[in-house]
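Engineer: Can you keep this structure in mind? I'll have questions shortly.
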Amino acid sequence: MILRLFLALNFLPSIQATAENKIFVKQAPMLVAYNNAVNLSCEYTNNLFSKEFQAALYKGVDSDVEVCVVNGNYSLQPQFHSNTGFNCDGKLGNETVTFYLWNLYVNQTDIYFCKIEVMYPPPYILNEKNNGTIIHVKETHICPAPPSTESSKPFWALVVVNGALAFYSLVITVALCICWMKNKRSRILQSDYMNMTPRRPGPTRKHYQPYAPARDFAAYRS
């Protein structure tokens with residue numbers, strides 16, 4: 001009995017040491033990305049305070065695409081960044097890393113895994129792989145926005161000005177046509193009146209014979 005207790009006491013520290021050298025990560029099984037954005041929280045069992053570590057988010061069943069990564073030791077402000085074109089940011093807590101992704105596409109629907117690595121102090125610790133989180137990116141149907149009133153004001157002002165100019169031109173054209181038709185009609189009436197005036201037949205000028213006194217030829221014979 002004493003021997004069994006002694007062996008159990010000697011075996012317990014090794015179990016505790018093994019547990020301390022492992023990191024277990026908990027993730028939501030599935031998330032839906034509305035408006036092409038999503039928050040993914042990774043809860044881990046190891047306190048990373050005052051340790052140099054790296055937290056990353058990977059995409060795919062084989063975790064072959066690094067989506068977002070952050071390096072820190074809580075002495076400097078951590079910076080989240082992506083080396084593969086994803087838009088990402090995040091927040092660090094004592095036992096939580098939250099990744100914020102936006103501008104996701106429908107074809108980026110996949111399973112995502114959190115990865116936690118402790119770099120310093122030794123020993124190097126890597127989290128146990130979990131079941132991951134399926135992120136479903138829903139297709140967004142963008143409705144056309146109604147035209148802005150401010151942007152349409154110059155257009156309508158131009159339409160009103162062009163309409164006024166067209167109406168003014170039409171009025172001037174109609175007035176000129178009416179005047180031309182009246183003038184033409186007046187000339188036609190005047191021409192008809194001149195043609196209907198009675199005229200004296202024959203030559204208008206009289207030809208007068210020169211006057212010469214008649215001679216008395218009988219006086220000469222006597």
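The values are calculated or read from the model by the stated rules, or taken from the named source; none is laboratory data. Keep in mind that what you see is a predicted model, and the values were worked out from it rather than measured. Glycine also receives a Cβ, built like all others from the backbone with ideal geometry; neighbour counts cover every protein chain displayed. Surface areas here come from the heavy atoms of the whole protein model, side chains and all, with no ligands, DNA or RNA. Shrake-Rupley method; radii C 1.70, N 1.55, O 1.52, S 1.80 Å.
Engineer: Distance between the C-alpha centers of region 73-100 and region 171-188? Whole Å please.
Structural biologist: One Cα centre to the other: 85 Å.
Engineer: Pull out the extension gain between Ile178 and Thr98, defined as 0.36 nm times the separation in residues minus the alpha carbon to alpha carbon distance; nm, one decimal.
Structural biologist: 20.5 nm
Engineer: With a 1.4 Å probe and every protein chain left in place, tell me how much accessible area Asp89 has, in Å² to the nearest 10.
Structural biologist: Its heavy atoms expose roughly 70 Å² to the probe.
Engineer: Compute the length gained on full extension between Tyr34 and Lys138: take 0.36 nm times their separation in residues and subtract their Cα-Cα distance, giving the result in nm to one decimal.
Structural biologist: Length gained between Tyr34 and Lys138: 36.8 nm.
Engineer: Quick check: residue separation of Leu170 and Ser82 times 0.36 nm, minus the Cα distance between them. What number comes out in nm?
Structural biologist: Stretched out fully, the Leu170 to Ser82 stretch lengthens by 25.1 nm.
Engineer: What is the spread of the Cα atoms of region 33-108 along each of their three principal axes, largest first, in whole Å?
Structural biologist: Extents along the principal axes: 39, 25, 22 Å.
Engineer: Ordering Thr45, Thr109 by accessible area with a probe of 1.4 Å, largest first, what comes out?
Structural biologist: Thr45, Thr109
Engineer: Past 19 Å, Cα to Cα, is the threshold; run Lys51/Lys129; Lys22/Lys91; Lys26/Lys138; Lys51/Lys115 against it and keep the listed order.
Structural biologist: Over 19 Å Cα-Cα: Lys51/Lys129; Lys22/Lys91; Lys26/Lys138.
Engineer: Looking at region 37-99, which trypsin sites (Lys or Arg not before Pro) are DSSP coil and have at most 16 other C-beta atoms within 10 Å of their C-beta?
Structural biologist: Loop-located and lightly packed - Lys51.
Engineer: For labels at Leu158 and Val61 in the simple 7 Å Cα→Cβ model, what's the distance in nm?
Structural biologist: 5.7
Engineer: Rounded to the nearest 10 Å², what accessible area does Met181 show when all protein chains are kept and the probe is 1.4 Å?
Structural biologist: Met181 exposes around 120 Å² with every protein chain in place.
Engineer: Order Cys179, Cys68, most accessible first, counting only protein heavy atoms with a 1.4 angstrom probe.
Structural biologist: Most to least solvent-accessible, the answer reads Cys179, Cys68.
Engineer: While we're looking at this one, here's another question. What size of dipole, in debye to the nearest 20, comes out for region 85-133 about its Cα centre when the only charges are +1 on Lys and Arg C-beta atoms and -1 on Asp and Glu C-beta atoms?
Structural biologist: That gives region 85-133 a dipole magnitude of about 20 debye.
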